[in-house]
Amino acid sequence: MTDDGFTPDEARLLGPLLDAIIPPSHDGRLPAAGSLGLLDALATRIRATPMLQPVVEYGLGALAAAAAARNPDGWPALTPAERTAVLAEFAAADQFFMPAFLFVVYAAYYEHPRVVTALGLEPRPPHPQGYAMDADDDLDALLARVRARGAIHRG
């Protein structure tokens, strides 16, 4: 990963990798992650957490090597079933890359406007408009336990 994003080899691997991680929903309502152009969002998140960069570089390199062992043309040349198999084998043997990478991917995916809209929400920040509460949500009842606890801050 370069300072301004992913290397060309990483970028070629990432689109199909994201599709393998989050494929489109069966009903077509939710898009595949690779179709959303998440590379900039992923790069921004990884840059914001510097300890992720070497983990992501290692993981993408290891996945590229595993894919090349199956097909000399690498990850993009694998069938979807082969990609899933390589990903499953790698995830079973790896304890660092997959949890960190999945967190970054899921966060970027579920913040994307197309996904937010497909989930029936407005693709906007929650404030200043806020979100309407259900009529049966009694705010006073929800906060009663908190208020009954009293002040717990140090003075």
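List 22, 152 from most exposed to least, where exposure is judged by having the fewest other Cβ atoms within 10 Å. Walk me through the numbers on the way to the answer.
On the way: 22 21, 152 6.
The fewest-first ordering by Cβ neighbours comes to 152, 22.
At what distance in nm do the modelled label points of residue 49 and residue 77 sit from each other, each positioned 7 Å from its Cα along Cα→Cβ?
Simple spin-label model gives 3.4 nm for this pair.
Divide by every residue of the chain the summed helix terms, -39500 (n - 2.57) for each DSSP H run of at least 4, and state the resulting mean residue ellipticity at 222 nm, rounded to the nearest 500 deg cm²/dmol. Let's see the in-between values first.
Numbers: 7 runs with 89 residues, N = 155.
The helix contribution divided over the chain gives -18000 deg cm²/dmol.
Enumerate the helices in the chain for which the Kyte-Doolittle hydropathy averages -0.5 or more and the C-alpha atoms extend at least 24 Å along the helix's axis, using complete DSSP H runs.
52-70
Sort out the exposed loop chymotrypsin sites (Phe, Trp or Tyr not before Pro) in the chain (DSSP loop, at most 13 other Cβ within 10 Å) and tell me the longest stretch that has none.
Working: sites that count: 96, 131.
Within the chain, the longest run free of exposed chymotrypsin sites (Phe, Trp or Tyr not before Pro) spans 1-95.
Where does each of 137, 9 land when they are ranked from fewest to most other beta-carbon atoms within 10 angstrom?
Working: 137 9, 9 13.
If I rank by nearby Cβ atoms, fewest first, I get 137, 9.
Please give the length that would be gained between residue 148 and residue 114 if that part of the chain were fully extended, namely 0.36 nm times their separation in residues minus their C-alpha to C-alpha distance (nm, one decimal). Intermediate results must be reported in sequence, preceding the final value.
On the way: separation 34, 0.36 × 34 = 12.24 nm, distance 4.17 nm.
Fully extending the segment from residue 148 to residue 114 adds 8.1 nm.
Whole-Hz ³J(HN,Hα) for each residue in the range 27-33, computed from phi via Karplus 6.51 cos²θ - 1.76 cosθ + 1.60 with θ = phi - 60°, x for glycine and proline: what do you get?
8, x, 5, 9, x, 5, 4
Could you work out the longest stretch of the chain that avoids the trypsin sites (Lys or Arg not before Pro) located in DSSP loops with at most 15 other Cβ atoms within 10 Å?
Details: sites that count: 29, 154.
Formally, the longest exposed-site-free interval is 30-153.
What are the principal axis extents of the Cα atoms in the range 85-134, in Å, biggest first?
Principal axes ranked by extent give 45, 19, 18 Å for the Cα atoms.
Can you give the relative contact order of the range 8-130 as a percent, counting alpha carbon pairs under 8 Å and 6+ residues apart? Show your work: numbers first, answer last.
Working: 100 pairs, mean separation 32.2, N = 123.
Across the range 8-130, relative contact order equals 26 percent.
What net charge is computed for the residues neighbouring residue 63, neighbours being all others with C-beta under 13 Å from the C-beta of residue 63, Lys and Arg scored +1, Asp and Glu -1?
Working: positive: 12, 70, 83; negative: 9, 10, 57, 82, 89, 94.
Here the charged neighbours net out to -3.
For residue 58 and residue 139, compute 0.36 nm times the residue count separating them, minus their Cα-Cα distance, and round to one decimal in nm. Don't skip to the end; give the middle numbers.
Numbers: separation 81, 0.36 × 81 = 29.16 nm, distance 4.77 nm.
Once the chain is fully extended between residue 58 and residue 139, it gains 24.4 nm.
Taken together, the values in this text are just the output of simple stated rules run on the coordinates, not laboratory data. Just so you know, these numbers come straight off a predicted model, no measurement behind them. We place every Cβ from the backbone using ideal geometry, glycine too, and count neighbours over all the protein chains shown.
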